[in-house]
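The values are calculated or read from the model by the stated rules, or taken from the named source; none is laboratory data. Computed from a predicted model, the values in this text were never measured in an experiment. Note: ideal-geometry Cβ built from the backbone for every residue, glycine included; neighbour counts use all protein chains shown.
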């Protein structure tokens with residue numbers, strides 16, 4: 001499935017835009033802060049029902065407006081069309097519809113239009129705490145496993161309730177048993193699926209890193225969890241009640257899992273250069289793309305948001321080679337300040353493309369090629 005047209009009203013700095021898109025490569029060129037990333041964020045929103053930046057919906061409304069509207073028109077390989085609509089008005093509940101039908105739960109939309117974005121904000125996967133790395137794992141698995149997403153939601157609800165009990169002196173032990181049972185049941189499934197994912201994901205990641213770095217470095221992961229070696233989460237939670245009550249939160253469980261990111265066997269956070277960190281993150285997201293494509297037989301949309309900064313010429317060249325492989329990727333969105341990178345990607349690609357110049361939240365088509373899709 002690919003996005004052949006997007007309509008935007010009052011989203012961030014974009015007052016109004018209606019863009020026809022290429023089924024292959026879509027480039028957005030302009031200075032920093034003009035709206036390139038906001039356009040990609042709108043595409044992301046239509047897949048995940050939220051902004052990639054994590055901002056609240058009210059903050060996504062253009063500063064002098066009361067609402068925003070995003071409307072995406074998609075086509076599959078047979079030409080069948082799907083439209084996805086999102087409307088949000090300040091102080092009201094947002095509307096999210098597929099083919100003019102409201103979802104009972106917005107979470108039902110996750111995975112309908114798989115998408116992978118590579119952006120500068122990915123640096124937090126390396127630089128920040130374990131929560132960011134768990135979000136990455138959960139975000140991938142949730143796009144193809146609805147049971148996992150439901151188990152994650154249920155686990156987090158139970159965790160929240162247990163933390164409330166910990167803060168209330170004299171809470172009924174039977175209530176602890178109820179919530180800990182739910183945490184254990186859902187946590188076991190989440191742990192099992194995370195282990196399966198990492199086992200299958202690691203070889204893909206190592207392939208992409210080796211390709212981009214020209215096999216100059218070795219990388220890997222170390223997954224840590226309280227549930228390793230067959231540990232029973234019920235027993236761990238019951239045994240930690242006293243200590244947890246003293247500090248006011250739950251110290252055992254899959255919400256404490258981490259995925260350590262390694263370069264030559266050491267944490268890349270401590271030993272990696274800017275270029276190595278950037279290569280690690282790009283390889284991570286390209287592996288995510290390949291994994292999702294292979295596991296659910298849907299071609300995800302691929303978004304590159306200003307990814308070439310801090311990479312040497314050889315690594316940029318390797319990424320360009322990957323992008324040019326027609327059979328590996330479907331629809332691609334690229335934002336950049338440098339037209340040279342775009343020219344290198346489009347040169348001899350022999351496919352469809354469209355290039356938009358971006359300035360002040362406005363978009364103008366400056367070049368296109370291939371089919372009539374972006375006319």
Open item on the list: Kindly evaluate residue 193 against the criterion of being within 23 Å of the chain's Cα centre (by Cα), surrounded by 15 or more Cβ atoms within 10 Å (Cβ to Cβ), within 20 Å of residue 221 (Cβ to Cβ) and not assigned by TED's automatic domain parsing to the domain that holds residue 278.
Closed with: no
- [ ] Pick out the one residue from 157, 133, 147 that is assigned by TED's automatic domain parsing to the domain that holds residue 289 and in contact with a strand residue (DSSP E or B) (Cβ under 6 Å, 6 or more places away or on another chain).
- [x] 133
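Conditions (1) under 19 Å from the mean Cα position of the chain (by Cα); (2) on the phi < 0 side of the Ramachandran plot; (3) not assigned by TED's automatic domain parsing to the domain that holds residue 5, marked per residue:
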{"position": "265", "(1), (2), (3)": "no, no, yes"}
{"position": "270", "(1), (2), (3)": "no, yes, yes"}
{"position": "289", "(1), (2), (3)": "yes, yes, yes"}
{"position": "304", "(1), (2), (3)": "yes, yes, no"}
{"position": "335", "(1), (2), (3)": "yes, yes, no"}
{"position": "341", "(1), (2), (3)": "no, yes, no"}
Open item on the list: Just the residues that are surrounded by fewer than 20 Cβ atoms within 10 Å (Cβ to Cβ), in a helix (DSSP H, G or I) and more than 12 Å from the chain's Cα centre (by Cα), please, taken from segment 137-148.
Closed with: 146, 147
Open item on the list: Looking only at residues that are touching a residue at least 60 places away in the same chain (Cβ under 8 Å) and either out of contact with any helix residue (DSSP H, G or I) (no Cβ under 7 Å at 6 or more places or on another chain) or surrounded by fewer than 20 Cβ atoms within 10 Å (Cβ to Cβ) (or both) in segment 127-136, which one is nearest to residue 54 (Cα to Cα)?
Closed with: 136
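Going by the conditions given, is residue 224 under 23 Å from residue 291 (Cβ atoms) and surrounded by fewer than 17 Cβ atoms within 10 Å (Cβ to Cβ)?
yes
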Open item on the list: Kindly evaluate residue 26 against the criterion of being in a loop (DSSP other than H, G, I, E, B), in contact (Cβ under 8 Å) with a residue 12 or more places away in the chain and closer than 17 Å to residue 364 by Cβ.
Closed with: no
Open item on the list: Just the residues that are in contact (Cβ under 8 Å) with a residue 40 or more places away in the chain and assigned to a loop (DSSP other than H, G, I, E, B), please, taken from segment 172-227.
Closed with: 214, 217, 218, 227
Task: Candidates 348, 372, filtered to the one that is exposed (fewer than 13 other Cβ atoms within 10 Å of the Cβ), modelled with pLDDT under 80 and within 21 Å of residue 17 (Cβ to Cβ) - done: 372
TODO: Please work out if residue 242 is under 30 Å from residue 162 (Cα atoms), assigned by TED's automatic domain parsing to the domain that holds residue 199 and part of a helix (DSSP H, G or I).
DONE: yes
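So which residues in segment 100-127 are at positive phi and touching a strand residue (DSSP E or B) at 6+ places or on another chain (Cβ under 6 Å)?
Passing the criteria: none in range.
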